[in-house]
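Report on one structure; see the data block that follows.
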2 protein chains.
Amino acid sequence: MEERQVEVAILGCGSAGLNTLSKVRPAGKNVVVIDGGELGTTCARVGCMPSKAAIQVAEDFHRREVYSRFGLEGGESLSLDTKEAMEYVRDLRDNFVDRVLSNSSDNFPEGLLIDEYAKFIEPNLLETTSGQRIRAERIVIATGSRPIIPDAWNEFRDDIITTDEFFELETLPSSAVVIGLGVIGLEIGQSMSRMGVDVTGIDMANTIGGLTDPEVNEQAVTIMGKGFPIWLGAAAELSRAEDGRIKVTAGDNSVVVDKVFASLGRTPNVESLDLAAAGVELNDRGIPVYNPNTMQVGDSPIYLAGDIDGDRPLLHEAGDEGKIAGYNAATGSNTAFKRKTPLNIVFSDPNIIQVGACFAELDPETTAVGSMMIAPVGRALIMANNRGLIRVYADKASGKMLGAEMITVRGEHLAHILAWSIQQELTVGDLLQMPFYHPVMEEALQAALYDLYSKVEKKNDTPITELRPL
Amino acid sequence: MEERQVEVAILGCGSAGLNTLSKVRPAGKNVVVIDGGELGTTCARVGCMPSKAAIQVAEDFHRREVYSRFGLEGGESLSLDTKEAMEYVRDLRDNFVDRVLSNSSDNFPEGLLIDEYAKFIEPNLLETTSGQRIRAERIVIATGSRPIIPDAWNEFRDDIITTDEFFELETLPSSAVVIGLGVIGLEIGQSMSRMGVDVTGIDMANTIGGLTDPEVNEQAVTIMGKGFPIWLGAAAELSRAEDGRIKVTAGDNSVVVDKVFASLGRTPNVESLDLAAAGVELNDRGIPVYNPNTMQVGDSPIYLAGDIDGDRPLLHEAGDEGKIAGYNAATGSNTAFKRKTPLNIVFSDPNIIQVGACFAELDPETTAVGSMMIAPVGRALIMANNRGLIRVYADKASGKMLGAEMITVRGEHLAHILAWSIQQELTVGDLLQMPFYHPVMEEALQAALYDLYSKVEKKNDTPITELRPL
């Protein structure tokens with residue numbers, strides 16, 4: 001059988017695959033990209049971008065609830081045409097997808113992209129759906145992930161919505177349960193609720209939004225729970241209600257709804273790859289065992305990038321992983337790179353944030369915790385959005401910043417400034433020497449940092465904490 | 001005449017005076033605070049806090065203009081009861097003022113505060129309005145500033161509003177000119193315009209919002225000018241119109257309005273201090289010549305803190321100056337402290353920002369400039385607020401970040417992350433190695449930084465720009 005010979009084959013043409021390609025092509029390598037699906041990245045198609053558009057619409061509509069505080073009249077007569085709203089979300093989505101494509105696959109030279117799927121025949125040999133064989137010196141797997149739907153729910157599939165379907169909805173259901181209250185469940189659940197859907201949120205865990213700090217989680221459950229009921233600690237079971245709709249039961253609670261929004265996480269697209277033929281070690285989830293600093297699978301010629309690896313399923317991390325995999329696949333140097341400070345943002349209102357080390361992984365003996373409630377924060381009061389809590393963590397002895405969890409308006413920005421600080425290994429005392437303007441939400445962080453500073457041993461070596469001698 | 005003897009006297013009990021006191025009292029010094037006016041800081045009373053409340057109300061009302069894009073119906077029937085809005089602003093203001101007072105002067109021990117004004121008799125001797133004499137080893141002047149109104153406008157005083165009067169207005173005028181388009185003029189001008197006042201903005205300069213970068217200024221004038229007409233480059237003159245209102249003329253333009261909002265800047269409160277008796281050198285504005293790192297006036301026992309010095313009239317800077325003056329007045333050590341990276345935020349919508357070195361003070365020969373228009377930025381599109389421009393400056397040879405000017409939504413947060421980065425002397429290449437989430441406004445900054453990186457000589461010493469080898 002004839003074999004096409006390439007130096008690098010990239011399986012998947014989403015964010016990770018495109019970033020891989022960005023390092024392989026400039027190196028002058030003979031490369032092929034294999035992807036039989038829709039191009040244009042999970043992020044732009046069904047992820048970060050359209051969800052943020054829906055969130056913005058929902059937030060603008062929801063904002064009417066504070067109007068009467070300051071003499072803004074007529075809010076009660078506002079109404080949202082959800083059909084138009086969903087069209088708007090799709091229009092924005094299409095714009096973002098087009099932009100990704102016009103920057104990438106639209107300009108691919110002939111032969112670079114094979115519009116099929118591929119599986120392994122041998123560690124260096126792939127076969128596409130049509131039977132074309134490709135022998136590659138190195139292979140980068142960037143086939144991404146898809147929403148999880150438990151097999152037990154197959155009979156209800158027509159009434160189950162995931163992010164793959166949500167943005168295609170002509171109009172919103174009148175009622176829905178959201179099962180799984182991680183990032184996606186909270187973002188879409190809150191948006192649907194604010195757009196008029198009768199939403200119930202369910203999670204079998206007792207935590208939401210990826211939080212591990214019990215105090216922040218308690219705040220988050222309370223705050224999000226003011227928007228729609230949240231049932232925690234019991235798994236959801238589906239059954240058919242007498243009226244033909246879906247009955248969802250979780251522990252002692254049950255509700256009958258039109259639709260189920262399943263946000264139980266995403267599973268890597270590995271099955272069709274026939275990884276057994278790749279001769280690589282798989283972990284218990286069926287994912288090749290790889291090094292997150294080189295993206296290499298064992299000492300094989302295979303690399304992972306993006307959601308396929310089940311770790312850090314975020315656009316900017318997929319970008320880094322693609323670049324690392326691409327550089328190493330192109331050069332064979334297998335250079336190890338330092339990964340960025342972890343950063344997770346739930347774009348709910350208020351934002352839910354986890355930066356650096358999460359609370360659960362820190363040693364309570366050696367960790368100091370500073371906290372600040374959002375209630376009295378001036379700018380939050382001015383924004384009429386002053387519910388929340390910031391908790392910041394540092395090493396007790398050295399004062400070095402370790403991480404933070406929080407729920408607060410404008411949390412996305414505090415997350416960045418903290419992540420940058422942690423990546424630079426700054427101490428809490430260092431941060432107190434930075435400028436904090438007034439009145440800004442950064443002052444809430446400042447207050448949490450002062451509290452933290454009082455609990456660490458390492459103090460600034462200056463007579464005024466906030467200023468260094470010249 | 002009997003003289004009260006103290007170690008430190010503080011003239012003025014606003015933000016700067018209170019911060020001064022925070023360093024003098026714990027040092028166990030015998031101290032007196034002299035202030036015959038309203039306590040509770042310019043910031044909370046007539047500055048940052050109430051202005052942000054007015055801005056928030058105006059922004060919420062203005063937001064109706066984008067509703068129709070996404071099916072939010074009924075926006076045209078929203079109306080703002082400006083009387084109620086102003087009451088709301090005052091309520092918030094009173095809350096903030098009370099909080100400042102309850103944290104400070106409400107708990108002053110007997111005799112700490114003298115509720116009078118004071119003037120110098122000799123360098124170490126003060127006399128209060130009632131004739132009480134106070135001999136102080138060291139004196140901190142923190143008497144603040146007040147809005148400028150030209151003498152030529154005295155006959156129109158009843159129709160001129162400054163920040164001292166604005167927040168006391170029962171209701172808003174139907175028309176106003178705003179004279180002086182710095183921070184305050186733009187913030188209040190835009191707010192009034194959005195709350196329904198027929199506003200015209202005038203500045204004798206050709207720049208607004210403190211911008212010095214001509215490209216950012218051009219954007220700012222265009223964007224702000226979509227809200228209300230802006231006349232630049234000619235000084236405003238007032239005269240009485242036939243109908244009894246005020247005619248404002250600037251160059252070839254003129255308009256008849258109900259009120260004039262004067263935002264020509266603030267002048268230090270120095271006159272009543274009788275500084276001639278203090279035996280200190282004054283600059284051409286009548287302000288004692290002082291060292292901004294020690295806050296000491298020459299080698300005298302006198303220190304300045306806050307708006308009195310005419311430099312950096314910002315709450316957080318007044319805090320730093322108060323702490324420096326307080327520490328040095330308490331100890332007499334006259335330690336020099338490093339001042340924070342300059343940071344100026346106009347809380348207009350979008351925000352107008354100046355961080356670090358401003359464009360005008362940079363040498364075009366040795367400075368690289370990166371820029372990013374806000375128009376195509378994903379998150380800005382999602383927020384339906386995508387007009388603006390970011391310009392970032394670095395040293396061409398070393399890549400060290402120097403400053404930025406910009407107009408953009410969420411600019412206040414980009415300002416902080418940039419100011420912190422500049423203060424740490426990071427290079428543009430360092431910044432590109434920090435995490436940028438998606439989709440956030442920090443990505444607009446990232447795009448500007450990539451542009452800047454392409455123009456500096458110093459590149460990151462790593463095979464992947466964004467990642468360091470482990």
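The values are calculated or read from the model by the stated rules, or taken from the named source; none is laboratory data. These numbers come from a predicted model, not from an experiment. Note: ideal-geometry Cβ built from the backbone for every residue, glycine included; neighbour counts use all protein chains shown.
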Practice item. Give the residues of the stretch B:229-244 that are more than 29 Å from the chain's Cα centre (by Cα), within 19 Å of B:I160 (Cβ to Cβ) and outside any strand (DSSP E or B), sorted by residue number. Key: B:A241, B:D243, B:G244
Practice item. Give me the pairs, please: first residue somewhere in the stretch B:431-442 and facing another protein chain (nearest Cβ under 7 Å) and farther than 22 Å from B:K458 by Cβ, second residue anywhere and hydrophobic (A, V, I, L, M, F, W, C) and part of a loop (DSSP other than H, G, I, E, B), beta-carbon distance under 6 Å, and either six or more positions apart or on two chains. Key: B:E442/B:F436
**Study point:** Only one of B:E215, B:E187, B:E170, B:E165 that is in the same structural domain as B:V260 (by TED's automatic domain parsing), surrounded by 23 or more Cβ atoms within 10 Å (Cβ to Cβ) and among the charged types (D, E, K, R)
**Key:** B:E187
Check your understanding: In this structure, is B:G244 farther than 24 Å from B:L343 by Cα, without any contact (Cβ under 8 Å) to a residue 12 or more places away in the chain, surrounded by fewer than 17 Cβ atoms within 10 Å (Cβ to Cβ) and not assigned by TED's automatic domain parsing to the domain that holds B:L125?
Key -> yes
Check your understanding: Does B:L72 satisfy being closer than 15 Å to A:F70 by Cα, at the interface with chain A (Cβ under 7 Å from one of its Cβ atoms) and over 27 Å from the mean Cα position of the chain (by Cα)?
Key -> no
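A quick yes/no check of all residues on (1) under 18 Å from A:L414 (Cβ atoms); (2) surrounded by fewer than 24 Cβ atoms within 10 Å (Cβ to Cβ):
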{"site": "B:E425", "(1), (2)": "no, yes"}
{"site": "B:M434", "(1), (2)": "yes, yes"}
{"site": "B:L449", "(1), (2)": "no, no"}
{"site": "B:Y453", "(1), (2)": "no, yes"}
{"site": "B:E457", "(1), (2)": "no, yes"}
{"site": "B:T462", "(1), (2)": "no, yes"}
{"site": "B:E466", "(1), (2)": "no, yes"}
Review point. Counting just the residues of the stretch A:113-143 that are farther than 20 Å from A:V289 by Cα and in contact with a helix residue (DSSP H, G or I) (Cβ under 7 Å, 6 or more places away or on another chain), which one comes out surrounded by the fewest Cβ atoms within 10 Å (Cβ to Cβ)?
Key: A:L113
Exercise for review: Identify the single condition in (1) under 27 Å from the mean Cα position of the chain (by Cα); (2) assigned to a strand (DSSP E or B) that B:K247 does not satisfy, given that it satisfies every other one.
Suggested key: (1)
Review point. Helices (runs of 4 or more DSSP H) wholly in the stretch A:385-470 with at least 1 residues that are of a type in the set (K, R), at pLDDT below 95 and in the same structural domain as A:S348 (by TED's automatic domain parsing) - which ones?
Key: none
Check your understanding: Hey, among the residues in the stretch A:79-112 that are touching a helix residue (DSSP H, G or I) at 6+ places or on another chain (Cβ under 6 Å) and either in a strand (DSSP E or B) or of a type in the set (K, R) (or both), which one's nearest to A:E38 (Cα to Cα)?
Key -> A:R93
Check your understanding: Could you count how many residues in the stretch B:411-430 are in contact (Cβ under 8 Å) with a residue 60 or more places away in the chain and closer than 23 Å to A:V346 by Cα?
Key -> 5
Point to revise | Top-ranked residue of the stretch A:363-416 - restricted to ones that are touching a Gly at 6+ places or on another chain (Cβ under 9 Å), within 14 Å of chain B (Cβ to nearest Cβ) and among the small types (G, A, S), ranked as surrounded by the fewest Cβ atoms within 10 Å (Cβ to Cβ) | key: A:A375
Exercise for review: Could you pull out the residue among A:S239, A:S300 that is surrounded by fewer than 20 Cβ atoms within 10 Å (Cβ to Cβ) and touching a residue at least 12 places away in the same chain (Cβ under 8 Å)?
Suggested key: A:S300
Check your understanding: What's the number of the condition A:R146 fails, among (1) of a type outside the set (A, V, I, L, M, F, W, C); (2) closer than 27 Å to A:P292 by Cβ; (3) crowded, with 19+ Cβ neighbours inside 10 Å?
Key -> (3)
Practice item. Working only within the stretch A:21-63, note down all residues that are surrounded by fewer than 20 Cβ atoms within 10 Å (Cβ to Cβ) and within 13 Å of chain B (Cβ to nearest Cβ). Key: A:S22, A:P26, A:A27, A:E59, A:H62, A:R63
